[in-house]
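No value in this document is a laboratory result; all are computed from the given coordinates. Bear in mind the structure is a predicted one, so any value in this text is a computation, not a measurement. As a convention, Cβ positions derive from the backbone with ideal geometry for all residues, glycine included, and neighbour counts pool all protein chains shown.
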Amino acid sequence: MFGIKRFRVRSYEMGLRFRDGEFQGLVGEGTYWIFDPLDRAQFEVVSRRAPRLVHEKLDLIVASGELKGHALVVDLKDNQRGLLWIDGRLGGVLPQGLYAYWTGFRDVRVEVIDARNPCFEHDDLKLIAQWPSVASMLDLCRVNRGAVGVLFLDGAYSEILPPGQYAYWKGVADARVVEVDQREATLEVSGQEIMTADKVTLRLNALVTYRIVDARRAVCTTDDAKQALYREAQLALRAVVGVRDLDAFLADKDVVARETEQLLGRRSEELGIQVLSTGIRDLILPGDMKELMNKVTEARKAAEANLVTRREETAAYRSQANTARLLADNPVLMRLRELEALEKIAMAGHLNVILGEKGLTDRVVNLL
């Protein structure tokens, strides 16, 4: 019939009545007939199975007070955020704004969070961080094991963070976390060409073992603490090696390493770094210098071998001279030595003795 409208509201639905664009109230389950010949009335049916009530005139609907007892209304201010829980499960992270959620079919709860503190802390942070759209609301970061995080808020240093997961509200502050590894590490300073005091160019490789002990200083003092330590190690090596002759350097490389460590340690403290040890790993001489050093070494070893030979010969001659002097002073001892010699000769096999002189024959007979 002209001017009569029919509307049906099911058990899981809610009707919204408007007249001339103004909200008139809610209508529950049932079938309704409206006489509206001037077409001034509007009737909308929304499902309560979808927890959230989304409507362009939500502010008018909320202001009427009709939603009381039917929906949960939350008005989040600029410094507030919300966590939506539906049937005990996370339903989303809410920015500032006006929200309405039907309460008839679902257990709906909105947890209001004060966002004036940029750091978001919650017992269920791991669960919240896995929500698909959370990245639009929160800056998430993780500080790994063996490291600490240096937190900056709006460019200013804030605090040192231990290992763990952290979240910061976007739009509240510009939060940045710089992760700093505090475990022991090794820095290889390789291919360094350094000229000694006697104008010999060396190529050496060094190792520096270090760890970061002051994370704030390491981040704020330089843009790259490891690269800064590398440059300081280069300068320290040049300062120590450049004032020594080649022979002095080769004679005690450990002293060079210790002096390098001392120089490097003083500068590294300003970078928040503790130098644990420094060592010279490889030393490469120029080709001609290497050949010359080999010749010098060869000549030195030959001289040492000759000296040892002469020393042994001198000792042998000295021993023989002492033996001869002892035999000359003791005739009986001399006779015993003669008997020992004859015994050895007799035991060796067949012995032929040819004596050409009569006096010598008598002496040998007497001796035997």
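With +1 on each Lys and Arg Cβ and -1 on each Asp and Glu Cβ, how big is the dipole of the chain about its Cα centre, in debye rounded to the nearest 20?
Dipole size: approximately 620 debye.
Considering only C-alpha atoms, what is the centroid distance from segment 1-60 to segment 69-92, in Å?
Cα centroid of segment 1-60 versus Cα centroid of segment 69-92: 25 Å apart.
Can you order the peptides 123-134, 139-150 by their average number of other Cβ atoms within 10 Å per residue, highest first?
Ranking, from highest mean packing down: 139-150, 123-134.
Let me see the pair-distance distribution of the chain: every alpha carbon pair, 20 Å bin width, integer percents in order.
Histogramming the chain at 20 Å steps yields 17, 22, 17, 16, 12, 8, 5, 3, 1 percent.
Can you give me the long-range amide H partners of GLU13? Hydrogens built in the peptide plane at 1.01 Å from N, cutoff under 5 Å, separation of 5 or more residues or another chain.
Answer set, sorted by chain and number: ARG48.
Could you pull out the GluC sites (Glu not before Pro) across segment 1-46 that fall in loop regions by DSSP (anything but H, G, I, E, B) with no more than 12 other Cβ atoms inside 10 Å?
GLU29
Apply the Karplus curve 6.51 cos²θ - 1.76 cosθ + 1.60, θ = phi - 60°, to the phi angles in segment 36-52 and return the couplings in whole Hz, x for Gly and Pro.
Whole-Hz 3J(HN,Hα) from phi for segment 36-52: 9, x, 9, 6, 9, 9, 10, 9, 10, 10, 10, 8, 8, 5, 7, x, 8.
Among GLU184, GLU269, GLU56, which one moves the most in a GNM of the chain with springs linking Cα atoms closer than 10 Å?
Comparing GLU184, GLU269, GLU56 in the GNM, the peak value goes to GLU56.
Of ALA173, ALA324, ALA257, which is the most mobile in a GNM of the chain whose springs link Cα atoms less than 10 angstrom apart?
ALA324
Over the Cα atoms, compute the radius of gyration (one decimal) and Dmax (the largest Cα-Cα distance, rounded to a whole number) for segment 117-181, in Å.
In order Rg, Dmax, the Cα atoms of segment 117-181 give 11.5, 31 Å.
For segment 143-208, with only Lys/Arg (+1) and Asp/Glu (-1) charged at the beta-carbon, what is the dipole magnitude about the Cα centre, in debye rounded to 20?
Value, rounded to 20: 100 debye.
For segment 1-81, which trypsin sites (Lys or Arg not before Pro) are in a loop by DSSP, counting at most 15 other Cβ atoms within 10 Å?
ARG10, ARG40, ARG49, LYS57, LYS68, LYS77
Can you list the residues, at least 5 places off or on another chain, whose amide H is less than 5 Å from the amide H of ASP36, using H built in the peptide plane?
Placed amide hydrogens put ILE4, LYS5 under 5 Å from ASP36.
On a full-extension model of 0.36 nm per residue, what is the gain between ARG40 and SER136, subtracting their alpha-carbon distance, rounded to one decimal in nm?
Result for the pair: 30.4 nm of gain on full extension.
Looking at PHE249, SER277, VAL219, which one has the Cα that reaches farthest to the positive end of the dipole of segment 185-284 (charges on Cβ: Lys, Arg +1; Asp, Glu -1)?
Final value for the positive-end residue is VAL219.
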